[in-house]
Amino acid sequence: MSTLLSVTKALDNLLEAFQPVDCEQVELTQAAGRVLAEDIHAGFDLPSFDNSTMDGFAFRSDDVQEASHEHPITLVVVADIPAGHPYLGVLTQGQAARIMTGAPLPAGVDAVIPIEDTDAAHQQAGEPVSLQVQVFRPVQVGDYVRSRGKDARARDLLIHCGTRLRPQEVGLLAMLGMPSVKVYRRPRLAILPTGDELTRVGDPLTPGKIYESNTYAITAQVEQAGGEAVSLGLIADRFEAVKEALDRALEVNVDVILASAGVSVGAYDFVRAAVEQGGRLSFWRVNMRPGKPLAFGSYHGTPFIGLPGNPVSAFIGFEIFVRPALLKMAGQTDWSRPKIPVVLLEKVGSDGRESYLRAVVTYRDGRAYARLTGHQDSGNLRSLIQANALLIIPNEVKCLPIGAEVQAWLL
Ligand code: AMP
Ligand code: MG
């Protein structure tokens, strides 16, 4: 129970306990940021009819093969086709239709020429169409035409189940005419900040106290990962207070109980004992820096994660362990985080644990370089806000020279 697990083993162990939560139907206006719980197939061809990509004239490309500025070809304009108004007639040789962007192509034509390449170049909005048009250059079959099904065919798989919906996916769903979509429910987490020194933000500070900041940072991290955080208020460093808060977390029906602080070996660290009285811990220390005191287990069947109290450790512990768990619960199929190789601009020391160091990464000649952002105390949140990356110093490495290459997570 007290063995020091590697980060990889601890994460594997933890992720096994999490499964995707149930699904719900949400209106498309509420779908951004949610994770799809169904595959999305095109219900019809996209676009669903041949249409013009330009404001111009549609005709048979054969008719204008000899056209030039010096010798324009004159066509008879038989129709005016605004967007949204199909023309039901058929055009024949020598005929043209004025056509606007997105308007359906009439039968009988095979190309469009932009208005700029005709003698109607200077037409104003609202101007009636002239009886003839002079075309100044040739076009080929299909020019300036978006043909039916060019983007997608009916039944094509367009968006995979497990995709987090970005604005562009939401737009595509609307294009397919879907008013609502099936997504995974947002995972709910209870946050339990423990510590006698903690003061609610907004209240006056008294000697020896600090503002409770972890709940704020963690709530933001939870929301960014697509979850919902329920704050259970400040919890004193007493066994009974912690126990009572854990029970309240069960009552508010959450998918995970997330505690901050009180999981280490301090004389007033009661979180582990309280969890074990109503559940079990699989581990409570991880071979990493910062954030060695990181606990995982369950309380009356609900997964429990105990993050370290130090703000930087809590943040990094969240990124390494809680975010992947949350993404897995949220139905995402990929929760890995891209790493990039960076070259050290300064010598870096470690104590042999897998270390996550705050750094600024800059780019020069296609390579990324990194420098630490000041001292790496796990309480120094300032150095985290100055950082744009976390350097990952592997297990058992104690010193890396200038010029060494390491992996980094971009923040
Ligand atoms: P602990 O894990 O209880 O040993 O706490 C480690 C450090 O984190 C101590 O300096 C605490 O004061 C600090 N700390 C604990 N919880 C919080 C919190 N919620 N917000 C800010 N700092 C905290
Ligand atoms: Mg404490």
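Give me the pairs, please: first residue somewhere in the range 266-280 and in contact (Cβ under 8 Å) with a residue 60 or more places away in the chain, second residue anywhere and within 10 Å of ligand 2 (Cβ to nearest atom) and hydrophobic (A, V, I, L, M, F, W, C), beta-carbon distance under 8 Å, and either six or more positions apart or on two chains.
Once the first residue is in contact (Cβ under 8 Å) with a residue 60 or more places away in the chain and sits in the range 266-280, its partners that are within 10 Å of ligand 2 (Cβ to nearest atom) and hydrophobic (A, V, I, L, M, F, W, C) give VAL271/ALA261; VAL271/VAL263.
Checking TYR363 against (1) within 13 Å of LEU400 (Cβ to Cβ); (2) in a strand (DSSP E or B); (3) free of Cβ contacts under 8 Å to residues at least 60 places away in the same chain, only one condition comes out false. Which one?
Every condition holds for TYR363 apart from (1).
Is it true that GLY94 is under 28 Å from ARG153 (Cα atoms) and either surrounded by fewer than 19 Cβ atoms within 10 Å (Cβ to Cβ) or touching a residue at least 24 places away in the same chain (Cβ under 8 Å) (or both)?
no
Considering only residues that are in contact with a Leu (Cβ under 8 Å, 6 or more places away or on another chain) and crowded, with 17+ Cβ neighbours inside 10 Å, which ones fall in the range 218-228?
ILE218, VAL222, ALA225, GLY226, GLY227
Could you look through the range 373-411, keep only residues that are open to solvent by less than 40 Å² (accessible area, probe 1.4 Å) and either free of Cβ contacts under 8 Å to residues at least 40 places away in the same chain or assigned to a helix (DSSP H, G or I) (or both), and pick out the one that is farthest from ILE340 (Cα to Cα)?
Top of the filtered list is SER383.
Can you pull out the residues in the range 187-221 that are away from ligand 2 (no atom under 16 Å from the Cβ) and assigned to a loop (DSSP other than H, G, I, E, B)?
PRO187, ARG200, GLY202, PRO204, LEU205, THR206, PRO207 - these are the residues of the range 187-221 that are away from ligand 2 (no atom under 16 Å from the Cβ) and assigned to a loop (DSSP other than H, G, I, E, B).
Quick test for you: out of ALA83, ALA120, pick the one residue that is closer than 26 Å to ASP156 by Cβ and part of a loop (DSSP other than H, G, I, E, B).
ALA83
Mind checking which residues of the range 244-285 are more than 14 Å from ligand 1 (Cβ to nearest atom) and buried (at least 19 other Cβ atoms within 10 Å of the Cβ)?
Correct list: LEU246, ALA249, VAL254, ASP255, VAL256, ILE257, VAL275, LEU281.
For residues that are more than 49 Å from the chain's Cα centre (by Cα) and among the hydroxyl-bearing types (Ser, Thr, Tyr), scanning just the range 58-91, find the one that is most open to solvent (accessible area, probe 1.4 Å).
THR74
The values are calculated or read from the model by the stated rules, or taken from the named source; none is laboratory data. This is a predicted model, so every value here is computed, not measured. Neighbour counts are summed over all protein chains in view; Cβ atoms, including those assigned to glycine, are modelled from backbone coordinates with ideal geometry. Calculation scope for accessible area: heavy atoms of the full protein, side chains included, ligands and nucleic acids excluded. Shrake-Rupley method; radii C 1.70, N 1.55, O 1.52, S 1.80 Å.
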